[in-house]
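Shown next, in structure tokens, is the structure this report addresses.
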């Protein structure tokens, strides 16, 4: 690539007098995007135009507060297109302004393989490096050490150096995969002073060529290139020297902070320097007549130690800069906007400040690159557990694994990496041994890698989880301490969503993963790893033998729980060759009672839905095809006895897909789909549970094409009826809010017009009067589940949150709120081709789980049409159908994390019926006399008899002092068959119910 003005500079242009000095006169300069510093120290920062002013506090967290330092999304990060940088950090403090400016100017880049963000191109392709070194002295600072001393110190392969060479380090850290050798090919004394190249900016002023590091490299090559055989240093045979090291007299500016010293960097001659271009030598490539070896990539390095004046520079800086040659980014904050305070992994990684050793003062022992960098370079694969397990992890440098730690062992850009570090080898100066946990977002790293902004600003891509949770590294208080590892000096033995630090995502979402009982075992670390959501018991079949469920398109709830913890579920299944409604009840103790068939349809009873009435009674509705067309039938269980089926939905045409709910006053709310002449409409009806009649209301208008409605009932008796309108373009969800006293309000759209079709959906009501809705939107390549919450008549908050994204289909959702305000979602998806049931929850103070729990696994069969019952945040029951076997099965799976709540106890009832009032014969035939016997405590002057509609149909007088009454057969002959109620007038036994048949 040529320079900005199109000029190419090489040995021949120098001879023509067109070198860097002439270019400097042109005054070329690049514009730079302004960056603004944010200091992570709790101080207020005045924001420039277009930014938000805020106070950035140290990492602390209140109970149930997921916020972290790097969740300051109000701060906008300006993303420039400049190539990334690679440079040596200081031992402490933030990056100097000229260094930050050099990053922004694009002086440095990293070799990232196209199409594979987060993967090093160089390391995977090249395992043998041979590096030419030019040693440079200045007019005011001559070299103190010989070429042979440096060759031995840097590239000795015999293990003879007292503390180890660069060769030794990379053999150790790569486990023998990488050989780094080299030669000092030239020693040159330049006529210019060091200050001439440093130019009061560490040599990093990109527009000041030749008064910068580029000018230094150019001048050194111009004076030495003819004496070097460059072919020895082109290992990949691409015509470019793989890397050039320019080793200058004096210390590096990163340790002296003297602006007239040179900062150690790795860059390219084409990497943003004014007038920059590859240096073209006069040595032809083999077999070529006009193609010459070129040099582009270079590293500036010091001769003298910055920590021990007069001594040769230690290998730490050489190893760090060669890490950039391999494609590794700087892992500390390199930005102006972030304030450059975040130390990243600090002393725990070579690519942060581990180049100064594990204690910050031993650069002769640079620390390991760490788990992420080892994986990035292809030196290590990771172990990704998919089941809860106990692990004993050996130190990484001793061959121990890197563990990728995430929910259910799923591959995810965001995850945790686990490694064990021991005081051995080049890690001998670590502050403490133990388990190091790194929180990684590969998507963020991949997006920022070429710009070397991995940990730039308030949202890092790689964050070392400090065991003590005090965030010293993040806010720059130190570069690492003995409290960072687990268990470490602080004795921290757990890391989970309920600890601090925790295993939540960078956005604060809960992951339900954790490490417990972390303990050192020799040099290894043992811990219990949880990667599955806790509390789930094994699945078990509810049905045995023949179970042939009917398919349904209803959005009604097929399962409900009463206040005593009993679960009731209704299904439509084949009985004697016809679909019938069957009720199954699961007791609080988890036992299933004998099933009860509720329908006796001559054709088909379909789409059953259930609601719990006050006192634990039940209401059930379904669509029955007897009589030539579908009608909605209703039955109620009142004080343990089932009423006869009653028709409650009978608008002209077909009546199907009922949805049922009930409120605390005993009102039953019903919605269903009526279709006449192929035109569907949503209808609704409200009635008292013992009097199932009334005039239905049509909720949809002409021109709509509604699908099966869903219904939710709030505690105050308000009902929400929602439906999907296929006539909308794109199709969308509408709803109406109804109240028993005032009827239904106007139709409202659930959301603004969507960009794609809204498909499957579910609604539910919370105990606080909230209304929850979830729905699916389908695009070309992905499907999303959205969530919305409304309170009362107020608007939604949030308006629309995406809580799940998948490429596979999403359908058959069921949302349920628990009594404590949590929200639980079950849905069906088939990422591997087999339908599976998945579960996700939202908790106040925690938000939605980051990932959904896999309730059914492929090996277990299928999981379709799930329902969820929620007693608390941690206690739920999922019911689903497994169609994989023959016959299908109704299956349950329970989660129990919280203590069981006490059984609900109603206020003391009136005296039992049998003790207050008895009737016989019961059942009785019409025309037969009825005798009533009263207990002494139930004295009254008459027995009143009512029908199911509440109308008084007969009175049997009670003589004074008598304990009996009689209703003559001539009276009962006028009564139709059905259910009747009797009470003693003038007595506390008024609520006593007697069923007459």
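Here, each number is a calculation from the coordinates, and none is a lab measurement. As the structure is a prediction and not an experimental result, all values here were calculated from the model. Neighbour counts are summed over all protein chains in view; Cβ atoms, including those assigned to glycine, are modelled from backbone coordinates with ideal geometry.
Counting pairs of Cα atoms in the stretch 232-385, how many percent are more than 18 Å apart?
66
Pop a pseudo-label 7 angstrom from the Cα along the beta-carbon direction at both residue 576 and residue 160 and give the gap in nm to one decimal.
Calculated label separation equals 10.1 nm.
Taking 0.36 nm per residue of separation and subtracting the Cα-Cα distance, what length does fully extending residue 702 through residue 389 add?
Value of the extension gain: 106.8 nm.
Order of 378-390, 177-189, 306-318, 230-242 by packing, highest average Cβ count within 10 Å first?
306-318, 177-189, 230-242, 378-390
Once you keep just the Cα pairs under 8 angstrom separated by 6 or more residues, what percentage relative contact order results for the stretch 524-629?
22
Based on C-alpha coordinates, I'd like the Rg and Dmax of the stretch 400-480, in Å.
14.0, 36
Measuring from label point to label point, each 7 Å out along Cα→Cβ, what is the residue 443 to residue 639 span in nm?
The two pseudo-label positions are separated by 5.9 nm.
Can you run the Rg to Rh ratio on the stretch 383-429? Use alpha carbon positions and the Kirkwood inverse-distance Rh.
Taking Rh as the inverse mean 1/r over Cα pairs, Rg/Rh reads 1.06.
Between the stretch 516-588 and the stretch 129-152, what is the separation of their alpha carbon centroids in Å?
That distance is 72 Å.
Take the alpha carbon atoms of the stretch 671-715, find their center, do the same for the stretch 183-216, and report the distance between the two centers in whole angstrom.
That distance is 82 Å.
What is the stretch 549-817's relative contact order, in percent, from Cα pairs under 8 angstrom and six or more apart in sequence?
Relative CO of the stretch 549-817 lands at 10 percent.
Looking only at the stretch 727-747, which residues have a backbone nitrogen under 17 Å from a spot 7 Å from the Cα of residue 716 in the C-beta direction?
Hits in the stretch 727-747 for residue 716 at 17 Å: 736-746.
Could you compute Rg(Cα) / (2.2 N^0.38 Å) for the stretch 629-730, with N its residue count?
With N residues counted in the stretch 629-730, Rg over 2.2 N^0.38 Å equals 1.11.
If R₀ is 41 angstrom, what is the calculated FRET efficiency for the pair residue 152 and residue 192, using the beta carbon separation as r and rounding to 0.05?
0.90
Calculate, in nm to one decimal, what residue 563 and residue 144 gain on full extension: separation in residues at 0.36 nm each, minus their alpha carbon distance.
In short, 142.2 nm is gained.
Grab the Cα-Cα distance for residue 756 and residue 778, subtract it from 0.36 nm times how many residues apart they are, and report the gain in nm with one decimal.
Full extension of this stretch gives 7.3 nm more.
Report the label-to-label distance for residue 127 and residue 809 in nanometres (one decimal), using points 7 Å from each Cα along the Cα→Cβ vector.
Placing both labels 7 Å along Cα→Cβ, they lie 4.8 nm apart.
Give the Debye-formula value of log10 I(q)/I(0) at each listed q (0.09, 0.10, 0.12 Å⁻¹), with one equal scatterer per alpha carbon of the stretch 549-817, two decimals each.
Log10 of I(q)/I(0), two decimals: -0.39, -0.49, -0.71.
Give me Rg over Rh for the stretch 477-579, both radii from the alpha carbons and Rh done the Kirkwood way, two decimal places.
Result for the stretch 477-579 is an Rg/Rh of 1.27.
Given 20 °C and 1.002 mPa s, how large is the Stokes-Einstein diffusion coefficient of the stretch 271-362 in µm²/s, with Rh as the Kirkwood radius over Cα pairs?
Estimated diffusion coefficient is 133 µm²/s.
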